[in-house]
There are 2 protein chains.
Amino acid sequence: MNIQPLMLKVDLSDRSYPIFIGENLFTQDLLRRYIRGKQVLIVSNPTVASFYLDAAKSACLDLQCDIVLVPEGEEYKTLATVSEIFDTLVEHKHRRSTTLIALGGGVIGDMTGFAAACYQRGADFIQIPTSLLAQVDAAIGGKTAVNHPKAKNMIGTFYQPRCVITDINTLKTLPDRELRAGIAEIVKAALIWDADFFEWLEKNIMKMLARDSRSLVYAIERSCAIKIKIITMDEKEANIRALLNLGHTFAHAIECELGYGIWLHGEAVAVGIVLAADLSYRLNWFEKDSLLRVKNLLTMAELPIRLPQSSSVPKLLDYMSTDKKRDESGLRFVLLKGIGNAILATDIDMNLVQEILVNHVGEDGD
Amino acid sequence: MNIQPLMLKVDLSDRSYPIFIGENLFTQDLLRRYIRGKQVLIVSNPTVASFYLDAAKSACLDLQCDIVLVPEGEEYKTLATVSEIFDTLVEHKHRRSTTLIALGGGVIGDMTGFAAACYQRGADFIQIPTSLLAQVDAAIGGKTAVNHPKAKNMIGTFYQPRCVITDINTLKTLPDRELRAGIAEIVKAALIWDADFFEWLEKNIMKMLARDSRSLVYAIERSCAIKIKIITMDEKEANIRALLNLGHTFAHAIECELGYGIWLHGEAVAVGIVLAADLSYRLNWFEKDSLLRVKNLLTMAELPIRLPQSSSVPKLLDYMSTDKKRDESGLRFVLLKGIGNAILATDIDMNLVQEILVNHVGEDGD
C-alpha cells in the first residue's frame, strides 16, 4: 500500500507553491495539473531518464514534449549546458508559456531552474527531484545556479518553481553513495534548527540507510519543513537564510579544490559540517560531546569526516576567500552554539581556521 | 548654464528607483550615492569609454573599480560576453555587494543588467545610458537580455536597477545615425500613448536632430514618463506592457534576417512601426492620413520606412513565428486604432501580413 502523500506549502505570497511528498506521484495527474501551457521541456540525465522519463512523459501526452539529457555530474552544471537548453527551446519554438521540468538531482534542478528563470525572462518550472539531496535541500527554496570554473553556484537567480513533486520511489534506484550524500544535508538541517530531529536521526539512521520508506518520508518532510520555515522568513538570503549554508563555505572550497565531480556535494558538506563544528568547539561555543555526536552520526552514515588526503590548505583558504558568503567584513561562517542552534559569525581568526583545516587533512591519526 | 535636472520615479514597491535626467550628472556625487558596497564593475564599449570612462571612474575613487570593455554592436550581446563579465567579477573577487554600472547604449545596458541579475543571484545595478535609444527606452523598465543566435532578447530576466542616470551631454558624441535610431523609439512611445506628444514631435523633430538640449530633455522626459506609466501597471508584461512592443515583432525579424549589427535596432523599429501602421490601416483601424503622418515623421528623422532590398519574406515570417510575443493563440501584434492609441491584436490574417511585407521590400516604387 502506498504511503499517504503529504503536502507542504511554501508561503511566498505570489510565488507560493506546494511540495508533494509520497509514492507514485509524478505518474499521476498531479504533474499535469501544474502545467499551464501546451509545451514542456524535460531536462534530465541519462541514468535518471532510463528509469523515469517514460513515466514523466506519459503525463504530457497531449502536449509538445521535448527532452534535453545532460551528462551526469557537477562538472556539467555550466553556462555551456544551459546554453544547450536554450538552443533546444528556441529550435523547437517554445513560447514563454512553456514549462521546464527538472527530472533529476540537484545539478539538474539548479540548472533547469536557471534556464527557466532566463528563458524569455521567465518560463514555468517544475521540480521532480530524484535524489535524496535534491528532495531535502536543492529543490526547495528557489535558488537556481550554475558553477563558474572558479566558484560554485556563482551564477544564478532566485526563481521559485510552480511545484515540487518528491516521489520517494525514485530513491529505490539511487546509488548508496548518493543516498548517504543526501543524509549529510538532512543532518545539516537538524543541526541548524531541531535537536529532537537530530536525536531521531541518531536512532533511525540505519533504517534510512536500509531505505525504509516511512523513515525516509519522515526525514524528508522534517528537513523540508525546517528549510521552508527558514526561507519563508528570508527568501533572498538577507540574513537568517544563510544558516542553511552550515558547512558549505568549507564544502565549496573542497569541491573547487578537488575539481567538480570527484566528491559528491553531500560528501563535501559532511566534512564541512565537521569543520564548522570543530571551529565552534575551539571557540568554546560547542560542547566536546556534541562534536563527537556529529562525527559519530556522519560516520554511521558512512560519510567522510576528514579532508581528502591531497588537500592543499592554502588553496582551500584561497577558494574560501572567493566564496559568495564573504561580505565586506570578511568571511561569514555558520557556526554552532549547540545541536539545533546555528548562528552567523564574522571576524573569525583565520589562523584558527587554517589550523583546523591542517588538522583535518587525510586519514585520522588518532 | 545647465538645465535643471529632473527626477522621475519608477514606482515598483520594493524595487522602486529614480531616473535622473540632466547635464553633467554622473560626474557628480549622484552616482556615488547609489553605490552601497565597496566594489564596482563598469561595463562599457571602447568608444563610449574613450569619452566618459574617466568621469565615471572619478566618482568611484574610494572603491575597488574594475572595467570590462565589450566591442560595439548587437552581435556581442551574447551569453559569451556575459560569461566574460562573470570571469572578471570572479577573478577580481567581487562580492555579492558589488555594483555593476552599465555605461553605454542599449546593448551594454541589457547585457550588464543580465549579468547583475545573475551574479551571485543578484548584485546591484546602475544604468548610465549614453545613447538616445537607451535613455528613452532600453534603460527603463528592468528588461535585461542577451540574444540567442536565432532570436533576439530570448535570454534574460526582469531586474530593476538602483537608479538610472541620463546625462544628455553624452548625446553630444553620439553619431547621427544612432541619434535617429533613438528617435524611432520616441515616435513609438508617442504613437502608443500620447497624440499631443506626437504632434509636438512633428513640430520639433528638426530641433531634436540639431541636438537642441531643451528639446531633447523634453522628448526624453516625456518618453520615459509614458514608459514608466505602462510598466508600473504591468512590470512583467502580463498584458498592457506588450504595447511597448509596437513595431518590434517586425523589427526583431528584420534584425535576425539581416544579421545582428547591420541595421541599428531603432532603424528596424522604424520600419516595424510603418508595417504595424500599414497593417492597422489595411484592417480599417487606422486612417490613411495618420499612416502618412507616421511615414512623414520617420522620413523627416531620416529613418528607413521600407525593408532592406535583400529581405526574404518567407524568412521574415519564419523569424516572426519564433518571436517571444507569440502565444498559444498565435502571433500577437501591437496595432494602432489611432495616433496615441495602440492595442493588442491576435488572429491576424497572416496572408495580409505577408502581403504587407512583400509591398515594403526595397525602394519605394511610388
### Task
Could you grab me the full set of residues in segment A:110-129 that are under 20 Å from A:T78 (Cα atoms), touching a residue at least 60 places away in the same chain (Cβ under 8 Å) and not aliphatic (A, V, I, L, M)?
A:T112
#### Entry: Failed criterion for B:R211 (all others in (1) at positive phi; (2) of a type outside the set (D, E); (3) within 14 Å of chain A (Cβ to nearest Cβ) hold)
(3)
### Query
Would a scan of segment B:283-292 turn up a residue that is surrounded by 16 or more Cβ atoms within 10 Å (Cβ to Cβ) and among the basic types (K, R)?
no
### Query
In segment B:254-277, how many residues are open to solvent by less than 40 Å² (accessible area, probe 1.4 Å) and assigned to a loop (DSSP other than H, G, I, E, B)?
1
### Task
Just give me the residues in segment A:42-67 being in contact with a Lys or Arg (Cβ under 6 Å, 6 or more places away or on another chain) and of a type in the set (G, A, S), in sequence order.
A:A59
### Residue in segment A:154-171 that is farthest from A:S44 (Cα to Cα), counting only those that are within 14 Å of chain B (Cβ to nearest Cβ) and out of contact with any Gly (no Cβ under 6 Å at 6 or more places or on another chain)
A:M154
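Across segment B:225-246, which residue is most open to solvent (accessible area, probe 1.4 Å) among those that are of a type outside the set (A, V, I, L, M, F, W, C) and in a helix (DSSP H, G or I)?
The qualifying residue most open to solvent (accessible area, probe 1.4 Å) is B:K229.
Go through segment A:1-25 residue by residue and tally those that are small (G, A, S) and part of a strand (DSSP E or B).
1
Looking only at residues in segment B:226-242 that are in contact with an Asp or Glu (Cβ under 9 Å, 6 or more places away or on another chain) and away from chain A (no Cβ under 14 Å), which one is farthest from B:T157 (Cα to Cα)? Talk me through it step by step, then tell me what you get.
Start the filter on segment B:226-242 by keeping residues that are in contact with an Asp or Glu (Cβ under 9 Å, 6 or more places away or on another chain), which leaves B:226-228, B:231-232, B:240-242.
With the extra rule that they be away from chain A (no Cβ under 14 Å), the set shrinks to B:226-228, B:232, B:240.
Working: B:I226: 22, B:K227: 18, B:I228: 18, B:T232: 17, B:I240: 18 Å.
The qualifying residue farthest from B:T157 (Cα to Cα) is B:I226.
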### Query
Within segment B:349-366, restricting attention to residues that are open to solvent by less than 70 Å² (accessible area, probe 1.4 Å) and assigned to a loop (DSSP other than H, G, I, E, B), which residue is modelled with the highest pLDDT?
B:H360
#### Entry: Subset of segment B:217-228 [within 16 Å of the chain's Cα centre (by Cα) and not acidic (D, E)]
B:A219, B:I220, B:R222, B:S223, B:C224, B:A225, B:I226, B:K227, B:I228
### Message
Tell me yes or no: at least one residue of segment A:287-304 is free of Cβ contacts under 8 Å to residues at least 24 places away in the same chain and in a loop (DSSP other than H, G, I, E, B).
### Response
no
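Report yes if B:S280 is part of a helix (DSSP H, G or I) and over 27 Å from A:R121 (Cα atoms), otherwise no. Step through it out loud before you land on a result.
Details: part of a helix (DSSP H, G or I): yes; over 27 Å from A:R121 (Cα atoms): yes.
In short, yes.
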### Task
Please report, ordered by residue number, the helices (runs of 4 or more DSSP H) entirely within segment B:44-153 with at least 2 residues that are within 13 Å of chain A (Cβ to nearest Cβ).
B:79-91, B:106-118
#### Entry: Answer residue from segment A:128-172, given it is over 14 Å from the mean Cα position of the chain (by Cα) and of a type in the set (K, R) and is surrounded by the most Cβ atoms within 10 Å (Cβ to Cβ) among those
A:R162
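Go through segment B:299-333 and give me each residue that's more than 14 Å from every other protein chain (Cβ to nearest Cβ), in contact with a Lys or Arg (Cβ under 9 Å, 6 or more places away or on another chain) and either surrounded by fewer than 19 Cβ atoms within 10 Å (Cβ to Cβ) or at pLDDT 95 or above (or both). Spell out how you get there, then give the answer.
Taking segment B:299-333 as the starting set, the residues that turn out to be more than 14 Å from every other protein chain (Cβ to nearest Cβ) are B:299-316, B:333.
Subsequent filtering for residues that are in contact with a Lys or Arg (Cβ under 9 Å, 6 or more places away or on another chain) retains B:301-303, B:305, B:333.
Passing the criteria: B:A301, B:E302, B:L303, B:I305.
Look through segment A:26-43, keep the residues that are part of a loop (DSSP other than H, G, I, E, B) and open to solvent by 70 Å² or more (accessible area, probe 1.4 Å), and return whichever of them is nearest to the other protein chains (Cβ to nearest Cβ). Reasoning before the result, please.
Quick first cut of segment A:26-43, residues part of a loop (DSSP other than H, G, I, E, B) only: A:26-28, A:34-38.
With the extra rule that they be open to solvent by 70 Å² or more (accessible area, probe 1.4 Å), the set shrinks to A:27-28, A:36, A:38.
Details: A:T27: 26, A:Q28: 25, A:R36: 10, A:K38: 6 Å.
The residue in question is A:K38.
Being open to solvent by less than 10 Å² (accessible area, probe 1.4 Å) and touching an Asp or Glu at 6+ places or on another chain (Cβ under 9 Å) is the filter here; which residues of segment B:87-100 pass it? Steps first, please.
Applying the first criterion (open to solvent by less than 10 Å² (accessible area, probe 1.4 Å)) to segment B:87-100 yields B:89-90, B:94, B:98-100.
Correct list: B:L89, B:H94, B:T98, B:T99, B:L100.
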### Query
Only one of B:L61, B:L41 is out of contact with any strand residue (DSSP E or B) (no Cβ under 7 Å at 6 or more places or on another chain) and aliphatic (A, V, I, L, M); which?
B:L61
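The values are calculated or read from the model by the stated rules, or taken from the named source; none is laboratory data. None of the values given here were measured: they were computed from a predicted structure. Every residue, glycine as well, gets a Cβ built from its backbone with ideal geometry; the counts of neighbours run over all protein chains shown. These area figures cover heavy atoms from the full protein model, side chains too; ligands, DNA and RNA do not enter into them. Shrake-Rupley method; radii C 1.70, N 1.55, O 1.52, S 1.80 Å.
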